[in-house]
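Report on the following structure.
The values are calculated or read from the model by the stated rules, or taken from the named source; none is laboratory data. These numbers come from a predicted model, not from an experiment. We place every Cβ from the backbone using ideal geometry, glycine too, and count neighbours over all the protein chains shown.
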Amino acid sequence: MPSASWVSDARSVLKPVARLAARSGLVVLAVLLAAGPAGPAGPAGAQRIPHGVITLTSQNAWVQSSNVPVRLGLNVRSPVAAKDLLVTVALYTEPDQSALASRDEFDATLTGQLAGLNQLALKTFSLRSIRQARGSLSFYVGGSELSDQVPANVPADSVFQLPCPPRYGGCGGVYPLRVSLVDVLSRQPVTIDSFTTYLVVVPSTVASQKRLRFSFVLPVGASVALSATGSPSVPAATLAAVETIARAETSSSSVPLSVDLYGQTLLALAGNKRLLKLVTKIAYGGHDSLIGGPFSDIDPTQLVRAGLERDLASQIEHGNAVFEKVLHTFGASHIFVATAPVGPRGLAALAADGIGYIVVAQSNLESATSRQPSVVQWPYTLSAPFFIPGSIVEGLQADPGLAAHLTGAASPALRAQQLLADLAEIYFDSPDYPMARGVALVAPNSWAPQPEFLSDVLRGLKSSPVVTTLPLRRLFSTVRRGNCQLPPVVVNGCSAAVRALASPTLASGASVTSGQVQAARTQLAELSSVIPTGAGMIHGLEDAMLLAETTGLSPGLRQAYLSAPHVTMLRLGSQLGLPAGRTVTVTSASARFPIAITSSSRTPIHAILVISGQDLSSSPEIAVVLKHGTTSLIVRVHTRTSGDSSMQLQLLSPVGHLQLARVELTIRSTAISNVAIALTIGAVGFLFLWWFRSASRRHRRRAKHVSGQLPQQSSEAVQERAS
C-alpha cells in the first residue's frame with residue numbers, strides 16, 4: 001500500500017487534471033441537477049420560492065466506525081406544510097472518489113462551490129421522520145478502512161458507502177455534505193435553503209507525535225477596564241467573555257485554551273472575588289494557558305514611531321508585574337500576540353523588552369527575498385514557526401482561514417464543525433510528515449465567544465485522534481521551525497523557514513504623541529509631590545498613562561486618561577480653603593498673625609505657602625502639610641508703609657509650583673514707619689536750622705547797627721570839648 005505522504009503528493013498533482021475533466025461536463029451536470037428533486041429553482045418569475053430555514057444544531061465531529069451512526073441535529077422553520085417538505089443529504093467526493101485533495105478545495109466548498117466534485121450519493125428524509133427523531137436524522141458510513149461493520153438491520157438507503165481508493169489515501173479525509181430543505185409540492189422540486197457541513201473520516205488511533213498541534217488563542221480584555229482614576233470599570237462584553245471561557249474550560253479541562261489576558265483587565269477583575277475566581281477557572285489547565293499580555297492592547301510600531309520605546313517596555317513590565325501580583329505566577333511568557341501589524345523597528349523594541357516569540361497575521365508577512373506578500377510567495381499553510389531576518393524573535397502565523405469560522409451567518413454548530421473539518425484537512429495534507437506541525441487560531445479582539453460554538457469545538461477537539469490542543473507556549477516549544485527555503489512543488493507538510501515582516505503603513509486614526517505623554521507625566525510628577533503618601537492614587541494615575549496608549553481609543557477617552565493627573569490636582573485644590581475677604585490690622589511694621597487653612601481631603605496634602613504683596617515682605621516660601629480638617633499657621637510680614645496694602649496667599653505644589661489655591665487679603669497698618677519718623681526728624685531739624693540761621697542773621701544786623709552809631713557820638717563830643 002502506498003504511503004500517505006506519497007498519496008498526498010499524488011492527489012495534489014492529479015487534482016488539476018481531475019478538475020478539468022469534471023468542469024468539462026458542468027453543463028450536462030447542471031441539466032441533470034435541474035431535473036432532480038433538489039435542483040435549483042426555475043427562471044425568476046416562473047414560480048415563487050417558498051421561505052424557510054434549515055440549520056445545523058449538532059453533529060458527530062468524527063467518523064471512525066461503521067457501527068456508529070452519524071446524527072445531524074436539525075432545526076427546520078418554514079410556513080410550508082411538513083408533508084410537502086423533504087430534507088436531502090448529498091455526499092461529495094473528488095472526481096476520483098477520494099476525500100478533498102487540498103485546503104483550497106475545502107475553502108471553495110465552504111461557500112457552496114461544489115461544481116467539479118462528484119456527488120457520491122443522495123439520501124432523502126421526510127420532515128415527519130426528523131421530528132419523530134427529536135429534530136435529527138441519522139445515517140451510517142461504510143468503508144474498507146473503517147472499524148466494525150454497518151449493522152445488518154440498517155437499510156441500504158441509510159448508508160453512505162465510501163469507495164476509499166487506496167491510491168488516493170483510502171477512506172481518511174474530509175467529505176462535503178450538502179444538506180437541503182426541499183419543497184416537493186410544486187411540479188419541479190425547489191430548494192428552499194441549504195448548508196454545507198462535513199464528514200471527517202479519521203483513523204481510530206494516530207501516534208501523538210504525528211498529530212497536528214493546535215493552539216486556540218483568545219485575546220480577552222482589549223477594551224479598557226479601568227477608569228482614569230484607576231477604579232474598575234469592566235465592560236459587559238469582557239465579563240461575558242470571561243464567564244463563557246471559564247465555563248468552557250471547566251467542562252473541557254483537557255483541551256486548554258490560550259487566553260491572552262491584558263494586565264489592566266486582570267487588575268480590574270482582581271478587585272472582585274467572584275470575577276477573580278473565574279480567571280482561576282480559565283487557568284484550570286495550568287497557568288501555561290494564560291498568556292501574560294502587556295498591560296493594555298498596544299501597537300508597538302506606533303509607540304516606537306512616536307518615540308515612546310520606554311513606554312513600550314513599561315507596558316510589558318507592568319503587565320508581567322500584575323500577573324505576578326494577582327496570580328502569583330513568576331516568569332514572563334515572553335510571547336507577544338500582535339493585534340496590529342508589527343514592523344522591524346517594533347519587533348526590535350519587543351526583543352529588547354524580553355519578547356522571544358511573536359504571533360502575527362498573514363497580512364503582516366512577506367517573502368524575505370522577493371518582498372511578495374506571504375500568501376502569494378508561499379501558497380500553502382504555514383504549519384510551523386519561522387525565523388525572522390535580523391531578529392532573535394521566533395514568529396508564528398495566525399491562520400486566517402481558521403479564524404474565519406469564528407463569525408458568519410451559519411449556526412454555531414455548523415461553524416464549529418467547519419472549524420474541526422478545516423483542522424482535519426490541514427492534518428490530511430501531510431499525515432506522515434516526519435516533523436511536528438502546528439497551527440494557531442487567534443480570535444480578533446472584537447470576537448464575543450459563543451457558548452454553543454465554544455462547547456462544540458472543545459468537545460470535538462477533546463475526542464479528536466488527529467489534532468492535539470495545547471497552550472501556545474507548548475506549541476512554540478514542541479514544533480520546530482520550518483526547514484523549507486522555497487515552496488515545494490506539491491503540498492508535503494514542509495513549512496517556510498524564513499518569513500519577513502512587512503513594514504506597516506502609518507495609521508490614519510488619531511494616536512498618542514510623545515508630547516502628550518510627556519506633558520501628562522510632568523503633571524503626574526507635580527501631583528506626586530503634593531500627595532507623596534497617596535501611593536494608591538498615584539499608581540492608578542500611572543496606569544492611566546499606559547491606558548492612554550491603548551490602540552483604538554477615541555480622542556475624548558484618550559484625553560481623559562492623559563489629563564487625569566491635572567484633573568486630580570484641580571480636585572485636590574478645590575478641597576483646600578484659605579481665609580478669603582479678610583482684613584488684617586497690624587500696629588507695627590513687623591507683625592505676626594494666624595492663618596487657618598482647611599482641607600477636606602483624606603490624604604495629607606503637601607504644599608508651599610507663598611505670601612506676596614507690593615508693599616509687603618515675608619518669608620519667600622513656607623512648606624506646609626495640610627491634614628484633614630484645619631491647619632493653623634503663624635505668619636510674619638513686614639509692612640513698608642502705613643495704611644491698606646494687598647497681600648496674596650498662594651498654595652503651590654512642591655514640584656513645578658503649580659497653583660492649588662489662592663486668596664487675596666488686605667493688610668491695614670496703623671504703625672508709623674521708619675521713613676515717616678526719618679522725615680519728621682528731618683523736617684524738625686530743617687526747621688531748627690532755619691530758625692537758628694534766621695536768629696543769627698538778626699543778631700548780626702543788630703550788632704552792626706549799634707557799632708555804626710558809637711563813632712559818630714565820639715566825634716561830636718570832641719568838638720564840644722574843643723569849643
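Among the numbered criteria (1) of a type in the set (Ser, Thr, Tyr); (2) within 24 Å of LEU261 (Cα to Cα); (3) touching a residue at least 40 places away in the same chain (Cβ under 8 Å); (4) surrounded by fewer than 22 Cβ atoms within 10 Å (Cβ to Cβ), which single criterion is violated by SER463?
For SER463, the exception is condition (2).
I'd like the full set of residues that are under 16 Å from ASN272 (Cβ atoms) and crowded, with 16+ Cβ neighbours inside 10 Å, limited to the stretch 226-238.
Selection gives LEU226, SER227, GLY230, PRO232, VAL234, THR238.
Looking at the stretch 327-335, can you tell me whether even one residue there is assigned by TED's automatic domain parsing to the domain that holds LEU441, over 15 Å from SER511 (Cβ atoms) and among the β-branched types (Val, Ile, Thr)? So that I can check it myself, show each step before the final result.
Filtering the stretch 327-335 for residues assigned by TED's automatic domain parsing to the domain that holds LEU441 gives 327-335.
Now drop any that are not over 15 Å from SER511 (Cβ atoms), which leaves 327-335.
Retained after the next criterion (residues that are among the β-branched types (Val, Ile, Thr)): 329, 335.
Looking for residues that are assigned by TED's automatic domain parsing to the domain that holds LEU441, over 15 Å from SER511 (Cβ atoms) and among the β-branched types (Val, Ile, Thr), one finds at least one in the stretch 327-335, hence yes.
For residues that are closer than 19 Å to LEU275 by Cβ and not polar (S, T, N, Q), scanning just the stretch 206-225, find the one that is surrounded by the fewest Cβ atoms within 10 Å (Cβ to Cβ).
If we filter the stretch 206-225 for residues that are closer than 19 Å to LEU275 by Cβ, which is where we start, we get 218-225.
Right, trim to not polar (S, T, N, Q) and you get 218-222, 224-225.
Working: LEU218: 25, PRO219: 23, VAL220: 25, GLY221: 27, ALA222: 23, VAL224: 26, ALA225: 21.
Applying the filter and picking the extreme gives ALA225.
Which residue, of PHE295, PHE323, is of a type in the set (Phe, Trp, Tyr) and part of a helix (DSSP H, G or I)? Let's see the steps before the verdict.
Details: PHE295 fails: part of a helix (DSSP H, G or I).
Among PHE295, PHE323, only PHE323 is of a type in the set (Phe, Trp, Tyr) and part of a helix (DSSP H, G or I).
Quickly run through the stretch 541-575 and pick out the residues that are more than 14 Å from LEU226 (Cβ to Cβ), aliphatic (A, V, I, L, M) and within 19 Å of the chain's Cα centre (by Cα).
LEU562
For the stretch 322-329, does any single residue satisfy the condition of being among the polar types (S, T, N, Q) and either at positive phi or in contact with a strand residue (DSSP E or B) (Cβ under 9 Å, 6 or more places away or on another chain) (or both)?
Kept after step one, since they are among the polar types (S, T, N, Q), are these residues of the stretch 322-329: 329.
Next cut, either at positive phi or in contact with a strand residue (DSSP E or B) (Cβ under 9 Å, 6 or more places away or on another chain) (or both) only: 329.
Yes, the conditions are met somewhere in the stretch 322-329.
Please work out which residue is modelled with the lowest pLDDT, limiting yourself to the stretch 474-489 and to residues that are surrounded by 16 or more Cβ atoms within 10 Å (Cβ to Cβ) and not basic (Lys, Arg).
Of the residues in the stretch 474-489, the ones surrounded by 16 or more Cβ atoms within 10 Å (Cβ to Cβ) are 474-476, 479, 481-482, 484.
Checking which are not basic (Lys, Arg) leaves us with 475-476, 479, 482, 484.
Details: LEU475: 96, PHE476: 96, VAL479: 96, GLY482: 92, CYS484: 89.
Only one residue tops the list, namely CYS484.
Of the residues in the stretch 524-544, how many are in contact (Cβ under 8 Å) with a residue 60 or more places away in the chain and in contact with a helix residue (DSSP H, G or I) (Cβ under 9 Å, 6 or more places away or on another chain)?
So in the stretch 524-544, the residues in contact (Cβ under 8 Å) with a residue 60 or more places away in the chain come out as 525-534, 536-537, 539-541, 543-544.
Next, from what is left, pick out any that are in contact with a helix residue (DSSP H, G or I) (Cβ under 9 Å, 6 or more places away or on another chain): 525-528, 530-532, 534, 537, 540-541, 543-544.
Of the residues in that region, 13 qualify.
When you scan the stretch 239-269, how many residues do you find that are crowded, with 22+ Cβ neighbours inside 10 Å and among the polar types (S, T, N, Q)?
Residues meeting the conditions: 3.
How many of the residues in the stretch 211-224 are assigned to a loop (DSSP other than H, G, I, E, B) and either within 16 Å of the chain's Cα centre (by Cα) or under 14 Å from THR265 (Cα atoms) (or both)? Give the steps one after another, and end with the answer.
First, pick out the residues of the stretch 211-224 that are assigned to a loop (DSSP other than H, G, I, E, B): 211, 221-224.
Then drop every residue that is not either within 16 Å of the chain's Cα centre (by Cα) or under 14 Å from THR265 (Cα atoms) (or both), which leaves 221-224.
Of the residues in that region, 4 qualify.
Do the conditions hold for GLN302, that is, is it assigned to a helix (DSSP H, G or I) and touching a Phe, Trp or Tyr at 6+ places or on another chain (Cβ under 9 Å)? It would help to see each step written out before you state the result.
Details: assigned to a helix (DSSP H, G or I): yes; touching a Phe, Trp or Tyr at 6+ places or on another chain (Cβ under 9 Å): no.
The answer is no for GLN302.
Restricting attention to the stretch 146-201, report how many residues are more than 23 Å from SER129 (Cβ to Cβ), outside any strand (DSSP E or B) and modelled with pLDDT of 90 or more.
Looking only at that region, the number is 9.
Quick check on my filter: what residues within the stretch 389-416 are touching an Asp or Glu at 6+ places or on another chain (Cβ under 9 Å) and over 22 Å from PRO471 (Cβ atoms)?
ALA404, SER411, PRO412, ALA413, ARG415
Within the stretch 348-358, identify whether any single residue is assigned to a strand (DSSP E or B) and among the hydroxyl-bearing types (Ser, Thr, Tyr), and answer yes or no.
Checked the stretch 348-358: at least one residue is assigned to a strand (DSSP E or B) and among the hydroxyl-bearing types (Ser, Thr, Tyr).
Just a yes or no: is a residue in the stretch 395-417 surrounded by fewer than 23 Cβ atoms within 10 Å (Cβ to Cβ), assigned by TED's automatic domain parsing to the domain that holds PRO300, among the small types (Gly, Ala, Ser) and closer than 21 Å to GLN485 by Cα?
Within the stretch 395-417, none of the residues are surrounded by fewer than 23 Cβ atoms within 10 Å (Cβ to Cβ), assigned by TED's automatic domain parsing to the domain that holds PRO300, among the small types (Gly, Ala, Ser) and closer than 21 Å to GLN485 by Cα.
Which one of LEU546, LEU541, LEU524, LEU557 is assigned to a helix (DSSP H, G or I), surrounded by fewer than 18 Cβ atoms within 10 Å (Cβ to Cβ) and not assigned by TED's automatic domain parsing to the domain that holds LEU658?
On the way: LEU546 fails: surrounded by fewer than 18 Cβ atoms within 10 Å (Cβ to Cβ); LEU541 fails: surrounded by fewer than 18 Cβ atoms within 10 Å (Cβ to Cβ); LEU524 fails: surrounded by fewer than 18 Cβ atoms within 10 Å (Cβ to Cβ).
Of LEU546, LEU541, LEU524, LEU557, the one residue that is assigned to a helix (DSSP H, G or I), surrounded by fewer than 18 Cβ atoms within 10 Å (Cβ to Cβ) and not assigned by TED's automatic domain parsing to the domain that holds LEU658 is LEU557.
State which residue pairs qualify: first residue under 19 Å from SER223 (Cβ atoms) and inside the stretch 286-308, second residue outside any loop (DSSP other than H, G, I, E, B) and of a type in the set (Lys, Arg) in any location, beta carbons under 8 Å apart, and separation of 6 or more residues or different chains.
Between residues of the stretch 286-308 that are under 19 Å from SER223 (Cβ atoms) and residues that are outside any loop (DSSP other than H, G, I, E, B) and of a type in the set (Lys, Arg), the close pairs are ILE291/ARG473.
Given the condition at pLDDT 90 or above, in a loop (DSSP other than H, G, I, E, B) and over 19 Å from the mean Cα position of the chain (by Cα), answer yes or no: does some residue in the stretch 225-239 qualify?
No, the stretch 225-239 contains no residue that is at pLDDT 90 or above, in a loop (DSSP other than H, G, I, E, B) and over 19 Å from the mean Cα position of the chain (by Cα).
Where in the stretch 384-483 are the strands (runs of 3 or more DSSP E), entirely inside, with at least 3 residues that are under 29 Å from ALA502 (Cα atoms)?
Working: elements: 394-398, 438-442, 467-469.
Where strands (runs of 3 or more DSSP E) fall fully within the stretch 384-483 and carry at least 3 residues being under 29 Å from ALA502 (Cα atoms), they are 394-398, 438-442.
Could you please find all residues in the stretch 451-460 being within 25 Å of the chain's Cα centre (by Cα) and buried (at least 17 other Cβ atoms within 10 Å of the Cβ)?
Here is the first cut: in the stretch 451-460, the residues within 25 Å of the chain's Cα centre (by Cα) are 451-455, 457-458.
PHE453, LEU454, SER455, VAL457, LEU458 - these are the residues of the stretch 451-460 that are within 25 Å of the chain's Cα centre (by Cα) and buried (at least 17 other Cβ atoms within 10 Å of the Cβ).
One residue is enough: does the stretch 495-503 have a residue meeting the conditions free of Cβ contacts under 8 Å to residues at least 24 places away in the same chain, part of a loop (DSSP other than H, G, I, E, B) and either closer than 30 Å to SER601 by Cβ or more than 28 Å from the chain's Cα centre (by Cα) (or both)? Before you say what the answer is, go through the steps one by one.
Initially, the stretch 495-503 is screened for residues free of Cβ contacts under 8 Å to residues at least 24 places away in the same chain, giving none.
Looking through the stretch 495-503, none of the residues is free of Cβ contacts under 8 Å to residues at least 24 places away in the same chain, part of a loop (DSSP other than H, G, I, E, B) and either closer than 30 Å to SER601 by Cβ or more than 28 Å from the chain's Cα centre (by Cα) (or both).
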